[in-house]
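First up is the structure itself, then whatever we jot down about it.
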Amino acid sequence: MTQTSWDRTLFSTSTAPATTLTHDTGLLLLRLVVGLSMAGHGVMKLFGWYGGPGLTATGKGFTRAGYPAGDAMAVIAGLSETLGGLGLALGLLTPLAGAALTGIFINILDLRGLGAYFPPKGVELEVVLFAAVVALTLTGPGRFAVDHYLPVLRESRPRYSLLALLLGVVAGCVVLLLRD
């Protein structure tokens with residue numbers, strides 16, 4: 001494939017080739033597991049559900065980690081995880097859901113550090129979830145998703161996927177710069 005044809009393929013506005021039933025079922029399963037896991041983490045922060053800390057304790061944790069306005073950061077993180085996770089699970093505005101979760105994972109990995117990969121102090125789970133978010137953002141949610149019925153997302157997936165990931169990286173890095 002020549003550079004010019006690669007550029008046309010990557011940035012074209014034509015619809016993607018048809019996918020198989022197993023491909024779309026696999027994407028649905030991955031979206032549901034990763035998206036609902038992230039949404040669950042978000043409601044743990046926001047409401048204390050599933051034994052989570054709730055906003056007050058999460059805000060104190062953000063303050064201890066060096067973020068300004070810990071309570072506001074707890075709300076932002078909780079909403080990003082909840083809405084990004086639900087968006088991913090539903091396949092609704094998947095590029096934006098991926099952007100929200102990308103910003104979250106950049107901060108999680110910075111806080112946890114990259115000194116060890118495997119448990120008990122490693123970031124193995126975070127890296128796997130982040131890779132799944134990036135992969136779903138790049139591949140799209142498949143046919144069994146709300147985005148499948150939104151022509152603008154169906155027709156320009158590569159462009160929006162890359163821009164969304166860039167937005168998530170920039171937002172995540174800006175939040176990191178706010179830390180003490």
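The values are calculated or read from the model by the stated rules, or taken from the named source; none is laboratory data. None of the values given here were measured: they were computed from a predicted structure. So basically every Cβ, Gly included, is an ideal-geometry build from the backbone, and we count neighbours across all protein chains shown. Quick note on the areas: whole protein, heavy atoms, side chains included, nothing else; ligands and nucleic acids left out. Shrake-Rupley method; radii C 1.70, N 1.55, O 1.52, S 1.80 Å.
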Practice prompt. Output the peptides 58-67, 87-96, 117-126, 35-44 sorted from most to least packed, where packing is the average of other Cβ atoms within 10 Å over each peptide's residues.
Written response: 87-96, 35-44, 58-67, 117-126
Worksheet, complete the sentence: Averaged per residue, the 1.4 Å probe accessible area of segment 7-139, protein heavy atoms only, in Å², is roughly 52
Worksheet item: If you roll a 1.4 Å probe over segment 108-151 with all protein chains in place, what percent of the accessible area is carbon or sulfur?
Response: 72
Fill in: Computed [θ] at 222 nm, deg cm²/dmol, the chain (DSSP H ≥ 4; -39,500 (n - 2.57); rounded to nearest 500)
-24000 deg cm²/dmol
Worksheet item: From the square roots a ≥ b ≥ c of the eigenvalues of the alpha-carbon gyration tensor of the chain, which class results: rounded (a/c under 1.5), prolate (a/b over b/c), or oblate?
Response: prolate
Practice prompt. Show the residues, 5+ positions off or on another chain, whose built amide H is closer than 5 Å to the amide H of VAL123.
Written response: ALA116, TYR117, PHE118
Item to complete: Please list the helices of the chain that count as membrane-span-like by this rule: a mean Kyte-Doolittle hydropathy of at least -1.0 together with Cα atoms stretching 24 Å or more along the helix axis, each helix being a complete DSSP H run.
Response: 21-47, 70-90, 94-112, 157-178
Worksheet item: How much length is gained if the chain between LEU177 and PHE144 is pulled fully straight, taking 0.36 nm per residue apart and subtracting their Cα-Cα distance, in nm to one decimal?
Response: 8.1 nm
Worksheet entry | Accessible surface of segment 25-82, 1.4 Å probe, proportion on carbon and sulfur as whole % | 73
Worksheet item: With charges only on Cβ, +1 for K and R and -1 for D and E, what is the dipole size of the chain about its Cα centre, in debye, rounded to 20?
Response: 40
Worksheet item: Using alpha carbon centroids, what distance separates segment 61-86 and segment 128-174, in Å?
Response: 22
